[in-house]
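Novice: Structure incoming, see below.
Please treat every number below as a calculation from the coordinates, not as lab data. Here the structure is a predicted model, which is why all the values come from computation and not from measurement. Backbone-built Cβ (ideal geometry, glycine too); neighbour counts: all protein chains shown.
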Amino acid sequence: MNSKIVLGALALTVIVACKEKENKNVAEEIIEIEEVQPATYAEISVKEGGSWKEDTREYIGGSFVNVDEMEVPEQHTDHSWYIRYEGPGWENKQIAYRLYLDWRNAIDIFGKKVDTLVLPYVGTDGFNSYHNDAPWGQDILKAGRSMGIGGYGRFTGDTIAHFDEVENTLVNVDNSTASSSVTIDYQGWKTGDITTDLKSVISIFPEDRFLKVELTPSVSFDGLATGIVKFDDIPLMEETSENGDWAYIATYGVQTLAGENDKLGMAIFYKIDQANAVEGPYDHLVVFNPSKEKHIYYIHSAWDQEQNGIKTEEAFKQDLQNKLSELDNNGKLE
């Protein structure tokens, strides 16, 4: 008899073997327990057992519980203390990301110094504890007024409209052996004179440091965009694949919260026929052509404190070139 028990991020496989004794009447149970971590993991954790303080839009009391699906409460905003580390998270053994599930809608990076899963424990020892250096790593990216790395909004010519006006937001988390993903359905997202539904599916895979992002709007409109946060004195790098189907924008240098000599590389891969690279006020942007079709892009980052990680700008550029070649040959990174 085989059975499987899932506890947080850990899957415990319990194997029970029955060995019959000579008299055929008594079975001796031999139980072997093997602890196995999944290759990918996604989660969202919300508070239960407390209550909303309506005048400040804060959730007071309660404790965090992981859920597979949720509807974001109308009261929720940034620093509501309702969602652990403020949104869903994705990770594999190399890296972890999170998305601010509020008006900011930016994606942030949790740099990892270990090759084990850490998200189930991030923010459990104090809501903002992940900003501090810890044995597992820390939050390393300051998003500010940007979309972080690979967040999405609408570029209106001189600014990015984030998610200030949304009628309803639904979230679903899925963990499988091949990947982990979070699906977010934004219903009634209003920017200027446009109101649309937007479906976002963000996935992580067992190997490498990237996320795959799929955005599907319900109406065609201009300005749907993603980007990389700008930092002073960090130049933008751009490259197109050999066959001209894919391109990337990228940055590399001292652009983390972890220290003055700490190096981070960030990149976005996008399809040439779907989007164009432009400059925004706070981000290096990729702006998609108006379409109701699915927009696909990849975000990628490499922190120099990772175990067996990418330590130099030259190595980071080579990694980006390898990924462009893979996109040329396979049309995807997975």
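Novice: Would you tally the net charge around residue 259, using a Cβ to Cβ cut-off of less than 12 Å, leaving residue 259 out, and scoring K and R as +1, D and E as -1?
Specialist: Net of charged neighbours comes to -3.
Novice: Which three lengths, in whole Å and largest first, does the range 135-202 cover when its Cα atoms are put on their principal axes?
Specialist: Dimensions of the range 135-202 along the principal axes of its Cα atoms: 44, 27, 17 Å.
Novice: Using a Förster distance of 56 Å, how high is the FRET efficiency between residue 53 and residue 242, based on the Cβ-Cβ distance and rounded to 0.05?
Specialist: Between residue 53 and residue 242 the formula returns 0.50.
Novice: Under a point-charge model restricted to the Cβ atoms of Lys and Arg (+1) and Asp and Glu (-1), what is the dipole moment magnitude of the chain relative to its Cα centre, in debye to the nearest 20?
Specialist: Computed charge dipole of the chain: roughly 220 debye.
Novice: Could you give the angle, 0 to 90 degrees to the nearest 10, between helix 313-330's Cα long axis and the longest principal axis of the Cα atoms of the chain?
Specialist: Orientation of helix 313-330: about 80 degrees from the principal axis.
Novice: Measure off 7 Å from each Cα along the Cα-to-Cβ vector at residue 294 and residue 164, then give the distance between these two points in nanometres to one decimal.
Specialist: 3.2
Novice: Could you give me the radius of gyration and the Dmax of the range 36-89, taking only the C-alpha atoms into account and expressing both in angstrom?
Specialist: Computed over the Cα atoms of the range 36-89, radius of gyration and Dmax are 12.4, 45 Å.
Novice: Right, something else. For residue 333, what is the net charge nearby, where nearby means another residue's Cβ is under 14 Å from its Cβ and Lys, Arg count +1, Asp, Glu -1?
Specialist: It works out to a net charge of -3.
Novice: Mind listing the Cα extents of the range 187-231 along all three principal axes, in Å, largest one first?
Specialist: 41, 28, 14
Novice: Need one number: nm distance between label points at residue 69 and residue 190, each 7 Å from Cα along Cα→Cβ, rounded to one decimal.
Specialist: 2.7
Novice: For each pair in 113/230; 93/294; 112/142; 199/271; 212/271; 199/263, compute the distance between the two Cα atoms and list the pairs where it is over 22 Å.
Specialist: 113/230; 93/294; 199/263
Novice: Once the other residues with Cβ under 14 Å from the Cβ of residue 95 are scored (Lys, Arg +1; Asp, Glu -1), what is the net sum?
Specialist: -3
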